[in-house]
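Notes to accompany the following structure.
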Amino acid sequence: MPHNATSSTPGGLNVAVLVSIGRHPLTARTRRADQDARAVEMALTLDGASVSLIHAGQQEREHEEALRGYLGMGIDTVNLIQQCPQADVVPALADALRQGAPQLVLSGARAETNEASGVLPYLLAEALGWPIITNLAAVEKVEQGMATVLQALPRGKRRRLRIRLPAIATVDSSAPAARQSAFGPARRGALEHLDAASDIDEALAAWQVQPARKRPKRLKIVKSSSARDRFKAAAAKADGGGGQTLTDVTPEQGAEAIFKLLKEEGVLR
Amino acid sequence: MLDTLLPILLFSALLLAAIGAVRRVRLWRQGRPSSVPVIKGLMQVPRRYLVDLHHVVERDKYISHTHVATAGGFVLAALLAIVVHGFGLQSAILGWVLLAATTSMFIGSLLVAKRRSPPPSRLSKGPWMRLPKSLMAFSLGMFAVTLPTAGILPEGVFQSGLGWIAALVLAAVIVWGLGEMFFGMTWGGPMKHAFAGALHLAFHRRPERFSDGTGGEHRSTGLKALKLDDDNAKLGVEKPADFTWNQLLGFDACVQCGRCEAMCPAFAAGQPLNPKKLIQDMVVGMAGGSDAKYYGSPYPGKPVGEHEGHPHGPIVARQGTSLVDPETLWSCTTCRACVEECPMMIEHVDAIVDMRRFLTLEHGNTPNKGAEVLDNLIATDNPGGFDPDSRLHWAADLNLPLMADKQEADVLLWLGDGVFDMRNQRTLRAFISVLRAANVDFAVLGNEERDSGDVARRLGDEATFQTLARRNIQTLSRYRFARIVTCDPHSFHVLKNEYGELGTAQTPADYHVQHHSTYISELVSANKLTFKAWKGGSVTYHDPCYLGRYNGEYEAPRDVLKALGIEIKEMARSGYRSRCCGGGGGAPITDIPGKQRIPDMRMEDVRETGADLVAVGCPQCTAMLEGVVEPRAGIKDIAELVADALIIETPADQSPQRQQAPAAPRPALEVAS
Ligand code: SF4
Ligand code: SF4
């Protein structure tokens, strides 16, 4: 096993963070991506973990500025896997992760540029055969190849999970905010260029891309008498009503239930 | 005996002083290099002392007279003592002059003693309490041993019988006096301020502050640019040795008079900052050791003796304590009250910003909302993170002429980030109606304008400041205008005093910049505005730090108020002693807690005048003072007061400029896909 199976604390943990080029929602200026930066923050707060940052993309000035945003958090190097703009970065990233053999891979849940489909972590998990956990809120401890982590659920709920390492975990905006990026370390940090073959993303090439149209939003009108009701209505998150919680079932029963649901919802035909 | 003893004492004291001086100089030389004109600087010392320094000292008449008597007497007495008693030149005339000098010094020392009984809280105790006695020892001792020289006592009076005993006593007194005055001067006693102070005046890092006899303003308040071109250079000041050597020398010149402490709004608010202690901490750091030997007021809430530093150790520790805690540095509003008041012309604000630069640029540790504001400035060019293309939304109905359309105008109106603030929009509207009433040819940059960089710079983010400034300079270089007028003293200061250094040969950045009060005052003198009689209540005026102390503009706002028929009820602290509103230097962003809030104290100053209204000239002041709970005086910008009093002429002879409006529509913009 590549990971350190004897480690009983997060110390000595080898963490890789996948970072992407962010884009400011108002000005479209490149920057460190918010969720990826939170992933870096989480890695940095793991006691004694050795953290390496990986970015697959192009070597461009604007991109470099954005990547330096991560360096400014106190990171020495970002490994930049060179890919051509039309490339599907999954194979290259999977190769890099196989080689680097980290126990934990962190990334933002969704990129701020390009497809931003949020599927990349799943594809990587599939390619590597590792488990994936979403909405990571904290890593509590790492012991004998197992990590105890907290997963963030809607409305501040937390769920404690144990996962076998190596694993991939995604971080969204419920994770702690990223620390300030300092100018000095940002420009002193190094970008290590690694060459890798680019697999052209054939499907993407066939797509037609156009700017999104702004669509009118329906206002939620709350008829209520008291301020408390209005507050509750405003603060309420869509609760996926219905559903069921399965406990103490065999994996087969669980899979069966999920399969049934997907069919009902029309996801699988 | 005294004839042989005195020269020995004098010359050994001088020798020890010389050794001490070398040691002291080596402490200063630990700092970074900074080139100064050595000979020219030294030649300037008497003038800088007698004119510029005395100008500050004189604000306190008592101490100014005291200092003239003591220091003047001492310098003369010391020189003559070396000639007369050291080299044994027994001239009765010199003896008499020496007697006069020591008398003057003695009178001075009585005044020093009186000031210190009991000492006001701003003065340091400890060794400083013995200073008047030491001054007396020196002056009385020298006086007594000079009596035979002047012929008042017979020669040889100290050589027989009782004279021997008197001679022994005198020798002891003189040893004490010499110890304090010569030895202590370079070995770190209270008299160190004389030695370090003289050299500080010679090698001051802002020689522009000193007058040169040709008249004119001698003000130097813009922060100096940090060089960002070397990737490997450390940015800002981490350790005492990272200051330039003449900054270290400046800190060493502090006399611990506490005038800065008495003026500091953060100290008064109970925030953990005391400019005097900060300077002393720098001295402690430079020499190495703990602050336990500091005998003045501490930083509020932080006991003395728990911090220590080293010339090559960090000033602010990442964890735990070292020399200074970060809250101390982030409490400062950069109001410059301390610098204005310091008789030794020490530059506190420069030092504080130097240390903040390190914390922000190297540690990435700007407290509270600091990081968010800086990120916003980087991403959206304004501290609030608003869409930069919405800068003119507030003025949708005003048809503001754009520089992009006009290309040139007499006045470029710099709107500032107040465009995003509903309160400040009222001020801007008022000022625009004033400009229109006076038929001024003006234009705005609109969405092309960016934050001036003031806040970023005071928060230590020199990189963001320089980026913003360079882009603004680029934008400004595309248009022709005679002057920039702004309602924001912070933009005013930065555009006027801090952009110049970043200009290039192709895009020079020395603009003629005016605060709106100055410009209105010019319009009034040119009879371009007519006013109704003032009918409101009594009014006081709050000087914004960045307009007053930073730029010396105290008169124009008052002239405008007078032209409105307002008689100003001045606050006790006004003009160069105006108390900060608490809004400068990013202080509301870093928001370090204290016992009370600075704006509350300022509104208390207003209340004492009994005024119903306080006139202001700064969006920050407006926001800070209006944040004080009612009941309190009303707050209005000068532009609002002027606009309210305007008599607008009949529509028939309205300005041609208004009839031109609306301006030619802008060509459709290509949308990048
Ligand atoms: S600039 Fe103002 S707030 Fe800062 S130390 Fe000086 S007096 Fe205090
Ligand atoms: S810094 Fe200046 S004003 Fe403050 S105590 Fe020292 S000499 Fe006095």
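The values are calculated or read from the model by the stated rules, or taken from the named source; none is laboratory data. From a predicted model like this one, the values you see are computed outputs, not experimental measurements. Glycine also receives a Cβ, built like all others from the backbone with ideal geometry; neighbour counts cover every protein chain displayed. Areas reflect the complete protein model, heavy atoms only, side chains present, ligands, DNA and RNA absent. Shrake-Rupley method; radii C 1.70, N 1.55, O 1.52, S 1.80 Å.
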Problem set entry | A:HIS24, B:HIS516, ranked by accessible area, largest first (probe 1.4 Å) | A:HIS24, B:HIS516
Exercise. Which part of segment B:1-17 falls in the paramagnetic zone of B:LEU147, meaning amide N under 19 Å from the point 7 Å along Cα-to-beta-carbon?
Worked result: B:1-6
Exercise. So for segment B:2-192, Kirkwood radius off the Cα pairs, Stokes-Einstein at 25 °C and 0.890 mPa s: how many µm² s⁻¹?
Worked result: 136
Problem set entry | No Cys partner within the rule (Cβ under 4.7 Å), the protein assembly as shown | A:CYS84, B:CYS254, B:CYS257, B:CYS264, B:CYS332, B:CYS342, B:CYS487
For this session: State which entries of A:LYS157/A:LYS217; B:LYS125/B:LYS293; B:LYS114/B:LYS276 exceed 19 angstrom in Cα-Cα distance in the structure shown.
Result: A:LYS157/A:LYS217; B:LYS114/B:LYS276
Seminar exercise, completed: For the table B:LYS535/B:LYS569; B:LYS532/B:LYS569; A:LYS141/A:LYS263, the rows whose alpha-carbon distance is greater than 27 Å are A:LYS141/A:LYS263
Exercise. Seen from all sides and averaged, what is the projected area of the convex hull of the Cα atoms in segment A:109-173, in nm²?
Worked result: 4.8
Problem set entry | chain B: equivalent-ellipsoid semi-axes (sqrt of 5 x gyration tensor eigenvalues, Cα, Å) | 55, 27, 22
For this session: Please give the helix B:348-358 orientation as an angle from the longest Cα principal axis of chain B, in degrees from 0 to 90, rounded to the nearest 10.
Result: 70
Exercise. Looking at segment A:176-206, which residues lose a minimum of 30 Å² of accessible area between their chain alone and all protein chains in place, measuring with a 1.4 Å probe and not counting ligands or nucleic acids?
Worked result: A:GLN180, A:ALA182, A:PHE183, A:ARG187, A:ARG188
For this session: Please work out how much length the chain gains when fully extended from B:LEU89 to B:ALA482, using 0.36 nm per residue of separation minus the C-alpha to C-alpha distance, in nm with one decimal.
Result: 134.7 nm
Seminar exercise, completed: Plugging the Cβ-Cβ distance of B:TYR576 and A:LEU153 into 1/(1 + (r/R0)^6) at R0 = 41 Å yields, to the nearest 0.05, a FRET efficiency of 0.10
Seminar exercise, completed: Plugging the Cβ-Cβ distance of A:ALA190 and B:ALA505 into 1/(1 + (r/R0)^6) at R0 = 35 Å yields, to the nearest 0.05, a FRET efficiency of 0.55
For this session: Might you tell me the accessible area per residue for segment B:184-278, computed with a 1.4 Å probe and given in Å²?
Result: 30
Exercise. Relative to the compact globular guide of 2.2 N^0.38 Å, what is the alpha carbon radius of gyration of segment B:154-273, as a ratio?
Worked result: 1.70
Problem set entry | Overall Cα dimensions of the protein assembly as shown, principal axis frame, Å, largest first | 126, 89, 59
Exercise. Under a 5 Å amide H to amide H cut-off, with H placed in plane at 1.01 Å, what residues pair with B:THR244 once short-range neighbours are removed?
Worked result: B:ARG32
For this session: Compare each residue of segment B:376-415 in its chain alone against the assembly with all protein chains, and report those whose accessible area goes down by 40 Å² or more; 1.4 Å probe, heavy atoms.
Result: B:ALA379
Seminar exercise, completed: Most fluctuating of A:VAL90, A:VAL249, A:VAL119 in the GNM of chain A (C-alpha, under 10 Å) is A:VAL249
Seminar exercise, completed: Result row for chain A, helices from DSSP H with C-alpha axial extent 18 Å or more and mean Kyte hydropathy at least -1.0, is A:251-264
Exercise. Comparing A:GLU112, A:GLU252, A:GLU65, which has the greatest mean-square fluctuation in the GNM of chain A with Cα pairs linked when under 10 Å apart?
Worked result: A:GLU252
Exercise. Ignoring ligands and nucleic acids, what accessible area does B:MET403 show with a 1.4 Å probe (Å², nearest 10)?
Worked result: 0
Seminar exercise, completed: With N residues in segment A:5-206, Rg(alpha-carbon) / (2.2 N^0.38 Å) equals 0.97
Exercise. For the protein assembly as shown, what % of the accessible area comes from carbon and sulfur atoms, probe 1.4 Å?
Worked result: 56
Seminar exercise, completed: GNM of chain A, Cα pairs under 10 angstrom: of A:PRO185, A:PRO216, A:PRO251, the biggest fluctuation goes to A:PRO251
Exercise. So what's the angle, to the nearest 10 degrees on a 0 to 90 scale, between helix B:598-609 and the longest Cα principal axis of chain B?
Worked result: 90
For this session: At a probe radius of 1.4 Å, figure out the A/B buried accessible area, summed over both chains, and give it in Å² to the nearest 100.
Result: 1500
Seminar exercise, completed: With a Förster distance of 35 angstrom and the Cβ-Cβ distance between B:LEU228 and A:ALA212, calculated FRET efficiency to the nearest 0.05 equals 0.40
Exercise. Hey, which aspartates and glutamates would be in cross-link range of B:LYS192, C-alpha to C-alpha under 15 Å, not counting anything within fewer than 8 residues on its own chain?
Worked result: B:GLU180, B:ASP252
Exercise. So what is the accessible area of chain A per residue, in Å², with the probe set to 1.4 Å?
Worked result: 61
For this session: State the Cα centre-to-centre distance between segment B:499-528 and segment A:50-107 in whole Å.
Result: 48
For this session: Whole Å is fine, so just give me how far the alpha carbon centre of segment B:434-448 lies from that of segment B:314-380.
Result: 37
Exercise. Ordering A:LEU104, B:LEU89 by how much accessible area each has at a 1.4 Å probe, largest first, what is the list?
Worked result: B:LEU89, A:LEU104
Seminar exercise, completed: What helix-only [θ] at 222 nm does chain B give? Using -39500 (n - 2.57) per DSSP H run of at least 4, over all residues, to the nearest 500, the answer is -12500 deg cm²/dmol
Problem set entry | Accessible surface ranking that places the most exposed of B:LYS40, B:LYS224 first, with a 1.4 angstrom probe | B:LYS40, B:LYS224
